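I have placed the structure first, in the form of structure tokens, so that the comments after it can refer back to it.
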Amino acid sequence: MSKLTLFFLLLLWCSPTGAQPIVVKVWPHGAPGALKDSSYHEDTVYTESGAPRVEHVTDPTLSLYLPADSTPLRPAVIICPGGAYGRLAIDHEGIDVARWFNNFGVVGIALKYRLPSGKIMRNTSVGPLQDIQESIRIVRRKAGEWRIDPHRIGVMGFSAGGSVAALASTLYWYHTYDGEDSVSARPDFSLLIYPVISMRENLTHEPSRQNLLGEHPDEHSVLFFSAELNINGNTPPAFLVHSADDQTVPCSNSIEYSLALKANHVPAELHLYETGGHGYGLAQSHHGTESTWPDACRAWMKNHSLLP
């Protein structure tokens, strides 16, 4: 693919209505605990269908897609694409979803987070969590500038990105780096779409677990990074989507998380569809009932006063 062709593709991904997204570096002065390796640099590869997949992220960014309306206090959702903690499906689980949120007045923010690697981070298990925690803080700090309601900032995750979002929702209190202020890293709600929730054997998605915790993780790490085991009464409300025929990430991940939320009296809604498989994003090309999840999500957000 020529550089000119790539340039125009990027314009299409980033500018659905002619307006460029606001791109912000998560760590403008370098990520905490970062290591330097000249052989490790970001790259974009393409699937057989031509879909972009981002690998080897070293400089995480937030791409903000702002709605056309000028509502003073808009909700915002930080979106974490999936990819088994090895790559990012930045298109249909990131940018496309941010655009979709714009249709009903929500600021959609696609997060390009770092993927665990000993080449660029001292502690590989907390790198993605650091990125989402600081992203939430950035959005809260700049809420006035971006016309965002600081009390309606949510996280969304697809597949392994669901792990990132769920950990942000359950480990928001965990001190992963020395912050510049006391701005809260707790999201106000979470939207988890066919998420990897657990790191426990027979429940987890093994490639995601290996990429995050290594081939032979200790028991403490497994339990600590299993979001369903770290829910309490202050965990934010959640909307979950999964398909019963998902052969990649068992639907029991979403079931276990929703049951734990219920046990702690946290509002939650789980949509378990008969079909759909895995990795369908907004499911716009599907004809099964799983294609209705975006409408259900919007209705849930409206019911919880999370829309403009």
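The values are calculated or read from the model by the stated rules, or taken from the named source; none is laboratory data. Source: prediction; values computed, not measured. Cβ: placed from backbone, ideal geometry, glycine included. Neighbour counts: every protein chain shown.
At a glance:
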{"item": "Identity of the residue in segment 261-272, outside any loop (DSSP other than H, G, I, E, B) and touching a strand residue (DSSP E or B) at 6+ places or on another chain (Cβ under 9 Å), that ends up farthest from Ala84 (Cα to Cα)", "result": "Lys262"}
{"item": "In segment 190-230, residue surrounded by the fewest Cβ atoms within 10 Å (Cβ to Cβ) [restricted to those that are of a type in the set (Gly, Ala, Ser) and part of a loop (DSSP other than H, G, I, E, B)]", "result": "Gly214"}
{"item": "Within segment 261-276, considering residues that are under 13 Å from His242 (Cα atoms) and over 19 Å from the mean Cα position of the chain (by Cα), the one surrounded by the most Cβ atoms within 10 Å (Cβ to Cβ)", "result": "Tyr273"}
{"item": "Qualifying residue in segment 242-253 (condition: farther than 16 Å from Val155 by Cα and either at pLDDT below 95 or basic (Lys, Arg) (or both))", "result": "no"}
{"item": "Options Ala76, Ala110, Ala98: the member that is in contact with a Lys or Arg (Cβ under 8 Å, 6 or more places away or on another chain) and either buried (at least 23 other Cβ atoms within 10 Å of the Cβ) or charged (D, E, K, R) (or both)", "result": "Ala76"}
{"item": "Helices (runs of 4 or more DSSP H) lying entirely in segment 101-175 (those with 3 or more residues that are of a type in the set (A, V, I, L, M, F, W, C) and at positive phi)", "result": "none"}
{"item": "Within segment 64-87, tally of residues that are assigned to a strand (DSSP E or B) and touching a helix residue (DSSP H, G or I) at 6+ places or on another chain (Cβ under 7 Å)", "result": "7"}
{"item": "Thr275 vs. criteria assigned to a loop (DSSP other than H, G, I, E, B), within 24 Å of Asp91 (Cα to Cα) and in contact (Cβ under 8 Å) with a residue 60 or more places away in the chain", "result": "no"}
{"item": "Of residues in segment 281-295 being under 19 Å from the mean Cα position of the chain (by Cα) and touching a residue at least 40 places away in the same chain (Cβ under 8 Å), the one nearest to Glu201 (Cα to Cα)", "result": "Gly281"}
{"item": "Test: Ala299 is hydrophobic (A, V, I, L, M, F, W, C), under 30 Å from Leu73 (Cα atoms) and either surrounded by fewer than 18 Cβ atoms within 10 Å (Cβ to Cβ) or out of contact with any strand residue (DSSP E or B) (no Cβ under 8 Å at 6 or more places or on another chain) (or both)", "result": "yes"}
